[in-house]
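*Asks:* Take this structure, written in structure tokens, and hold onto it; I'll ask about it next.
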Amino acid sequence: MVTWKELGLSDHKKMLQDALKGGYAVPGYNFNNMEQLQAILTGCVKSQSPVILQVSKGAREYANGTLLRYMAEGGVKLANELAASLGLKPVPISLHLDHGEDLAICKACIDNGFSSVMIDRSHDPMDKNIEETKKVVDYAHQYGVQVEGELGILAGKEDDVEAEKTTYTRPEDVERFARGTGVDSLAIAIGTSHGAYKFKPGQKAELRLDILQEVRKRLPELPIVLHGASSVLTQYVDMINKYGGKMENAIGVPEDQLRKAASMGVSKINIDSDGRLVVTAIIRKTFAEKPAEFDPRKYLGPAREELVKMIMDKNKAVLGSEGRA
Ligand code: G3H
Ligand code: 13P
Ligand code: ZN
């Protein structure tokens, strides 16, 4: 057993409380490999933003759970060294399990030094969701680990679970859920969805900020989380399509809607697909322009550089987390 403090991580609770008070959101960026981790940390150190490193079940399967824990520990050291070398402050870093499906995976992460876990039983009926979420809260709180629960169902695919349509969070359920589980933060469904196809062409890309407002009124102290919050930036979708990809009609959440949500009390915003698009776009472009290149550093390196830029832009324009470290 190793604790998040031993890994050099920061207090997740304080990070979200500071965000709630400050009217900004802490980014939850997913990583699966070294280049993504380096880019996320470099972008957040340079923009002096707190950051939540997110690991999904799929990431654990892809990269190995034990390796990811050491990567995160190394990542903290890398970020601190980088900050010192630039004459900047160290930034708060948290390590979070994204979409944990049961107590077993949450326990494995808590025992491996994660500072926060999500238990996602949003597909279950409310009482079952409360029961399963509470089990994780009871275990996690013994070790000072924070727990994110979810109410409402996002459309799209997350690990093995897929939903065709959004089931919006019902504000009248949130107090019972929060009281019954003791969760430290709550993910809600207000029209975002996972992946790169969030809205249909011609459909108004609008979030139900009225639901967010009603939830905040009922739970003013509880940090709210937004999943599926990639904007699916057109410059990268266009680049993918230009260099042989096929991603027509990929549409994300408009950045101004996310900024509004952050100012209305969303304290954590999850972004994965936008990073994937950047990496894919740059690799495709490099392959097309330099067909003889076969050193992975020559195409992963530029992808990593572009990812740093995207992260810095997001922290500033969308999360409002720039300069909040
Ligand atoms: O919410 C899902 C995240 O984007 C993680 O995706 O399960 O493919 O790693 P993944
Ligand atoms: P996106 O697919 O919009 O990036 O959402 C990521 C997410 O919610 C991770 O939990
Ligand atoms: Zn998610």
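*Asks:* Among (1) among the small types (Gly, Ala, Ser); (2) crowded, with 19+ Cβ neighbours inside 10 Å; (3) part of a helix (DSSP H, G or I); (4) within 16 Å of ligand 3 (Cβ to nearest atom), which single condition is residue 58 missing?
*Replies:* For residue 58, the exception is condition (2).
*Asks:* Across segment 1-29, which residue is surrounded by the fewest Cβ atoms within 10 Å (Cβ to Cβ) among those that are hydroxyl-bearing (Ser, Thr, Tyr) and part of a loop (DSSP other than H, G, I, E, B)?
*Replies:* 3
*Asks:* Could you please let me know if residue 105 is touching a residue at least 40 places away in the same chain (Cβ under 8 Å), part of a strand (DSSP E or B) and in contact with a Leu (Cβ under 9 Å, 6 or more places away or on another chain)?
*Replies:* no
*Asks:* Also, I was wondering about something else. Please indicate, with yes or no, whether at least one residue in segment 25-33 is away from ligand 3 (no atom under 16 Å from the Cβ) and aliphatic (A, V, I, L, M).
*Replies:* For segment 25-33, residues away from ligand 3 (no atom under 16 Å from the Cβ) and aliphatic (A, V, I, L, M): absent.
*Asks:* Can I ask one more? Test residue 137 against the stated conditions and say whether it is in contact with a Gly (Cβ under 6 Å, 6 or more places away or on another chain) and either in a loop (DSSP other than H, G, I, E, B) or open to solvent by less than 50 Å² (accessible area, probe 1.4 Å) (or both).
*Replies:* Spelling it out, residue 137 is indeed in contact with a Gly (Cβ under 6 Å, 6 or more places away or on another chain) and either in a loop (DSSP other than H, G, I, E, B) or open to solvent by less than 50 Å² (accessible area, probe 1.4 Å) (or both).
*Asks:* Give the residues of segment 6-35 that are within 14 Å of residue 314 (Cβ to Cβ) and out of contact with any Asp or Glu (no Cβ under 6 Å at 6 or more places or on another chain), sorted by residue number.
*Replies:* 24, 25, 26, 27, 28, 29
*Asks:* Of all residues in segment 44-55, which are surrounded by 24 or more Cβ atoms within 10 Å (Cβ to Cβ), away from ligand 2 (no atom under 12 Å from the Cβ) and polar (S, T, N, Q)?
*Replies:* Of everything in segment 44-55, those that are surrounded by 24 or more Cβ atoms within 10 Å (Cβ to Cβ), away from ligand 2 (no atom under 12 Å from the Cβ) and polar (S, T, N, Q) turn out to be 47, 49.
*Asks:* Can you tell me which residue among 32, 80 is part of a loop (DSSP other than H, G, I, E, B) and open to solvent by 20 Å² or more (accessible area, probe 1.4 Å)?
*Replies:* None of the other options fit; the residue is 32.
The values are calculated or read from the model by the stated rules, or taken from the named source; none is laboratory data. Quantities reported herein were computed from a predicted structural model and do not represent experimental measurements. Quick reminder, even Gly has a Cβ in these numbers, built from the backbone with ideal geometry, and neighbours come from all protein chains shown. Side chains are part of the model used for accessible areas, which takes the heavy atoms of the whole protein and leaves out ligands, DNA and RNA. Shrake-Rupley method; radii C 1.70, N 1.55, O 1.52, S 1.80 Å.
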